Amino acid sequence: MYLDSRGMLSRPGAYNFHRREGRYVSSIPVIVQRFLRFGPFFTRGVTLDISTRGMSALVCGAPRIGETVVIELCLQGATFEMLATVRHSTDAKSGFEFFPLSEVARQGIHDWIQELNRHDESLFPCHYAAAAKFGED
């Protein structure tokens, strides 16, 4: 499902918003590795939205803003590890910006987004179009 910056359902590319790239709602289990003074610390979480530039997630134990973490993400049976910077973090959610991704990781996320688009349009073809039209007004 694709949401514009106002939280309304819209077609990909239908709304010009402030992000460089759209985020797609998706709940994928993740493992976040933080590097603390006493050594590496692993915590689990779940994504809220994702793009090839970053993601937001619910993570047990909020990381600090500016912290560099390793995110392990499993998409369609393949596991990807990505280096990311924490851009915002609260007890409710954290936002991550990926460092430049490997071609394999970038393609894996891109393929997952394409699958999300196909899945959403097949599940809600009428409502999806009506909601997108409503969001354009």
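The values are calculated or read from the model by the stated rules, or taken from the named source; none is laboratory data. The structure presented is a predicted model; accordingly, all values stated were derived computationally and were not measured. Quick reminder, even Gly has a Cβ in these numbers, built from the backbone with ideal geometry, and neighbours come from all protein chains shown.
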| query | Quick one: in the range 76-112, which of the residues that are polar (S, T, N, Q) and touching a Lys or Arg at 6+ places or on another chain (Cβ under 9 Å) is nearest to Leu48 (Cα to Cα)? | reply | Ser94
| request: Would you point out the residue of the range 48-61, among those that are among the hydrophobic types (A, V, I, L, M, F, W, C) and buried (at least 16 other Cβ atoms within 10 Å of the Cβ), that is nearest to Ile31 (Cα to Cα)? | output: Val59
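Counting only residues that are among the hydroxyl-bearing types (Ser, Thr, Tyr) and in a strand (DSSP E or B), which one in the range 59-112 is nearest to Arg23 (Cα to Cα)?
Result: Ser94.
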| message | Can you pull out every residue in the range 62-82 that is surrounded by fewer than 17 Cβ atoms within 10 Å (Cβ to Cβ), within 15 Å of the chain's Cα centre (by Cα) and aliphatic (A, V, I, L, M)? | response | Val70
| note | Per the filter on the range 25-40, residues without any contact (Cβ under 8 Å) to a residue 24 or more places away in the chain and within 15 Å of Ser89 (Cβ to Cβ) are Leu36
| What number goes with the only condition from (1) within 12 Å of the chain's Cα centre (by Cα); (2) modelled with pLDDT of 90 or more that Ser26 does not pass? | (2)
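Please find, within the range 62-108, the residue that is nearest to Tyr24 (Cα to Cα) out of those that are basic (Lys, Arg) and in contact with a strand residue (DSSP E or B) (Cβ under 8 Å, 6 or more places away or on another chain).
Lys93
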